[in-house]
Each structure stands twice: as structure tokens, then as C-alpha cells.
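What follows is a set of notes on a single structure, which appears directly below.
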Amino acid sequence: MNVALWIVAAVLAAMFAMAGVVKIVRTKDELAEKLPWVDDVPTGTLLLIGVAELLGAVGLILPPWTGIAPILTPIAAVGLAVIMVLAIVVHARRKDHSAIVVNLVLLAAAVFVAWGRFGPYSY
């Protein structure tokens, strides 16, 4: 189970790191071409989402890898789960059902990591 948790955390970290970096380095107009929901949020909020995703990705991998404050890993997973719940709300309001499916999968993965690292498979 420990290996499964590492794999899921690594995949989540990769996905959220890429998504976070894209939201940080690209302009809102560039993002709007592929992510139409960005028109509904202010630029500052978009940047905050990107930073939170990037920090969550780092928090999934770096603390247990270095052995420094590994309790941050399940906390990062909970934070990413909260981001996904909020994303589901945004996409539900926009009636963007295909995006909700992706958010639900990411939410389930983040909850799995949080459960495992807070619970029976903590570091």
C-alpha cells in the first residue's frame, strides 16, 4: 500500500505542478483559449490557484523524500482536495460536466493520499 500511495502522490504532484506552473507563467488570455473558466475569475485569483497547486505538488513529495516535516504530505493532499471541491463548484456552475469528471478523479486521488498518510500508512 505504501508503494501505491507513493505512485498516486507522484502522479498527483506531476499533474498539479504542471497545472500550477501553467497558471503562473501564462497570461489570462493565453489560458482562456484552453481553459474558458479563467474568464470567470480575477487574475489574482488565478495566480493564487496556480501557486496553491504548485505548493501542494511540492508538499506531496518533498517532505517525505527529505524526511523533514513529513506531516505536510497529508496536509498538502487535503489542500489539493479542497481545491478540487472548489473546482467542481466552478465547473458545475458553468455546466462543464467533462471537467467535473477530471476533478472528481483528482479529488479521489488526493483523498486517498490524505487518508493513507494521516492514517495507517503515515511516515
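Just for the Cα atoms in the stretch 50-105, what are the lengths along the principal axes, largest first, rounded to whole Å?
42, 19, 13
Using the Kirkwood formula over every pair of different C-alpha atoms, what hydrodynamic radius in Å results for the stretch 25-66?
Kirkwood hydrodynamic radius for the stretch 25-66: 11.5 Å.
Give the accessible surface of the stretch 1-118 per residue, rounded to a whole number of Å², with probe radius 1.4 Å and ligands, DNA and RNA excluded.
That works out to 56 Å² per residue.
Suppose each label sits 7 Å from its Cα in the direction of the beta carbon; what would the D29-V3 distance come out to in nanometres?
Label-label distance for D29 and V3, simple model: 5.0 nm.
Based on Cα positions only, what radius of gyration and what Dmax would you give for the stretch 1-118, in angstroms?
In order Rg, Dmax, the Cα atoms of the stretch 1-118 give 14.4, 43 Å.
Roughly how much of K95 is accessible, in Å² to the nearest 10, using a 1.4 Å probe?
Surface open to solvent at K95 totals about 150 Å².
Enter the accessible area of R117 (Å², nearest 10), with the probe set to 1.4 Å and all protein chains included.
Result for R117: roughly 10 Å² accessible.
So for the stretch 1-118, averaging the separation of alpha carbon pairs under 8 Å that are six or more residues apart and normalising by length, what relative contact order in percent results?
Result for the stretch 1-118 is 29 percent.
Nearest 0.05, what FRET efficiency do W115 and D40 give at R0 = 41 Å with Cβ-Cβ as r?
0.85
Once the piece of chain linking V58 and A108 is laid out straight, how much longer is it, given 0.36 nm per residue of separation minus the C-alpha distance between them?
Length difference between fully extended and current span is 16.1 nm.
Applying a 10 Å radius around every beta-carbon, put 99-111, 41-53 in order of their mean neighbour count, most first.
Highest to lowest by the protection proxy: 99-111, 41-53.
Specify the angular offset, from 0 to 90 degrees and rounded to the nearest 10, of the alpha carbon long axis of helix 43-66 from the longest principal axis of the alpha carbons in the chain.
20 degrees
The values are calculated or read from the model by the stated rules, or taken from the named source; none is laboratory data. Computed from a predicted model, the values in this text were never measured in an experiment. Here the Cβ is made from the backbone with ideal geometry for all residues, glycine too, and neighbour counts use every protein chain on show. For accessibility, only protein heavy atoms count, side chains too; no ligands or nucleic acids. Shrake-Rupley method; radii C 1.70, N 1.55, O 1.52, S 1.80 Å.
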